[in-house]
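See below for the structure under consideration.
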Amino acid sequence: MLNRQSIRKDYHDMPMNHRIRVLIVDDSLFFRTALQKALLSDATIEIVGSAANVIDAEKKIKELSPDVVTMDVEMPGMRGTDFLKKLIPDYPVPVVLVSSLNIGIFEALSAGAVDFVLKPNLRDSNDFSIFCQELCVKIKIASSAKVKKNKPSIAAIASLPLVLSGKESSEHIIAIGASTGGTEATAEILQQLPADIPGILVVQHMPAGFTKMYADRLNKICKFTVQEAADGDRVVQGQALVAAGDKHMTLEKDFKGYYVKCAAGEKVSGHCPSVDVLFRSVARTAGKDAMGIILTGMGRDGANGLLELRQKGAFTIGQDKQSSVVYGMPMVAFEIGAVEKQVPCSSIARLIIQRLNK
């Protein structure tokens, strides 16, 4: 079978006149046709073909060698997730999922998909237009993404228990920000942390609805409680709060300790929730008692906020290029001096524990 890594160039290294070659996979002829017409309006995208099922998709991927594939999670004959598990190890083509609100999204991301877009209401022309704009952006990001062929191994860190007292732990805050590729990176880190970890706050760029499912998924695989954040939630030891997909999350403090505010607002650094908004509030509220971690993702959201954290005396970590699906956010943070330690994703949990135990 062809090895896609040997034939695909990074989008940023391609000639300016290169068009991203896209294969559309969806069982609905109407949706395939509508999507093809919409994507063709972007001069940087070329539709090389379409497929109605995974059997046809596999054949056309090998024949046409697309730069990016768009695909539904639920497909006739074989689930999209099972198809990815079969395809990606031998032919790691970037896949952007197009799906309704479906828990299978996270299994598909774990199987190697780069990102996802929520399927639009085809009866709402405005909703479809917004969807197409978002999909075009994610296709461009995916064209230069590093496809993960295998789920990362979870390193045991039982030899590094926390030595903080309960009071000390309640004073510490761990803030994590991520975008493309971040669902799996964050999961890899959190799975390795002990049950008595200080309070954790997570911003993952993701639509509303999916963040609740993501938090529930993390809650099942982590040693501590994980839940979607609600306005006024206390930040406590042994718990992680994930920002809701349509609300900014900020850290506040009163006489009882830390809590979060969650509110809708304008996009900041291109996003709501924004990593910058979270990091800046943590810098202001927790200062040197905080730890900021910026993970894989396109753009620069979180870079300036992480710099403010470091300037306030917080310990800051950036994911390295080799382990990032998209080395954008952590790269910008590193370049502006916001990152104190840059390490592979697999080393971050151990580094967190080592720092807390100092």
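The values are calculated or read from the model by the stated rules, or taken from the named source; none is laboratory data. Everything numeric here is computed off the predicted structure, so don't read it as measured data. All Cβ positions, even for glycine, are placed from backbone atoms using ideal geometry, and neighbour counts span all protein chains on display. Surface areas here come from the heavy atoms of the whole protein model, side chains and all, with no ligands, DNA or RNA. Shrake-Rupley method; radii C 1.70, N 1.55, O 1.52, S 1.80 Å.
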- Message: Quick test of your reading of the structure: residue 313 fulfils all but one of (1) in contact with a Lys or Arg (Cβ under 7 Å, 6 or more places away or on another chain); (2) assigned to a loop (DSSP other than H, G, I, E, B); (3) crowded, with 24+ Cβ neighbours inside 10 Å. Name the failing condition by number.
- Response: (3)
- Item | Scope segment 235-263; condition over 13 Å from residue 170 (Cβ atoms) and touching a residue at least 40 places away in the same chain (Cβ under 8 Å); matching residues | 240, 241, 242, 243, 249, 251, 260
- Message: With the requirement that a residue be touching a helix residue (DSSP H, G or I) at 6+ places or on another chain (Cβ under 9 Å), modelled with pLDDT of 95 or more and open to solvent by 10 Å² or more (accessible area, probe 1.4 Å), what does segment 195-212 give you?
- Response: 205
- Message: Can you find, within segment 334-346, the residue that is most open to solvent (accessible area, probe 1.4 Å) among those that are in a helix (DSSP H, G or I) and in contact (Cβ under 8 Å) with a residue 40 or more places away in the chain?
- Response: 346
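Report yes if residue 175 is among the aliphatic types (A, V, I, L, M) and modelled with pLDDT of 95 or more, otherwise no. Write out each step before concluding.
Details: among the aliphatic types (A, V, I, L, M): yes; modelled with pLDDT of 95 or more: yes.
So residue 175 fits the description; yes.
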- For segment 316-333, enumerate the residues that are open to solvent by 10 Å² or more (accessible area, probe 1.4 Å) and among the small types (Gly, Ala, Ser). 323
- Which number in (1) in contact with a helix residue (DSSP H, G or I) (Cβ under 7 Å, 6 or more places away or on another chain); (2) closer than 21 Å to residue 171 by Cα; (3) free of Cβ contacts under 8 Å to residues at least 60 places away in the same chain; (4) surrounded by fewer than 22 Cβ atoms within 10 Å (Cβ to Cβ) marks the one condition that residue 289 misses? (3)
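Can you say whether residue 350 is closer than 15 Å to residue 175 by Cβ, assigned to a helix (DSSP H, G or I) and over 17 Å from the mean Cα position of the chain (by Cα), as far as the supplied structure shows? Full working, then the answer.
Working: closer than 15 Å to residue 175 by Cβ: no; assigned to a helix (DSSP H, G or I): yes; over 17 Å from the mean Cα position of the chain (by Cα): yes.
When the stated conditions are applied, residue 350 does not pass them.
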- residue 331 meets each of (1) assigned to a helix (DSSP H, G or I); (2) within 16 Å of residue 141 (Cα to Cα); (3) in contact with a Phe, Trp or Tyr (Cβ under 6 Å, 6 or more places away or on another chain) with one exception, condition (3)
- Query: For segment 203-215, what are the residues that are over 19 Å from residue 251 (Cβ atoms) and touching a residue at least 40 places away in the same chain (Cβ under 8 Å)?
  - Reply: 207, 209, 210, 213, 214
- Note on the structure: The residue that is surrounded by the fewest Cβ atoms within 10 Å (Cβ to Cβ), considering only those in segment 233-262 that are more than 18 Å from residue 203 (Cβ to Cβ) and of a type in the set (Gly, Ala, Ser), is 257
- Item | Candidate set: segment 115-131, residues that are in contact with a strand residue (DSSP E or B) (Cβ under 6 Å, 6 or more places away or on another chain) and not aromatic (Phe, Trp, Tyr); chosen: the one modelled with the highest pLDDT | 115
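Say whether the condition of being among the polar types (S, T, N, Q) and in a helix (DSSP H, G or I) is met by at least one residue in segment 145-154. Outline the logic, then answer.
Within segment 145-154, the first condition is being among the polar types (S, T, N, Q), and the residues that meet it are 150, 153.
Pick out the ones that are also in a helix (DSSP H, G or I) and you get none.
No, segment 145-154 contains no residue that is among the polar types (S, T, N, Q) and in a helix (DSSP H, G or I).
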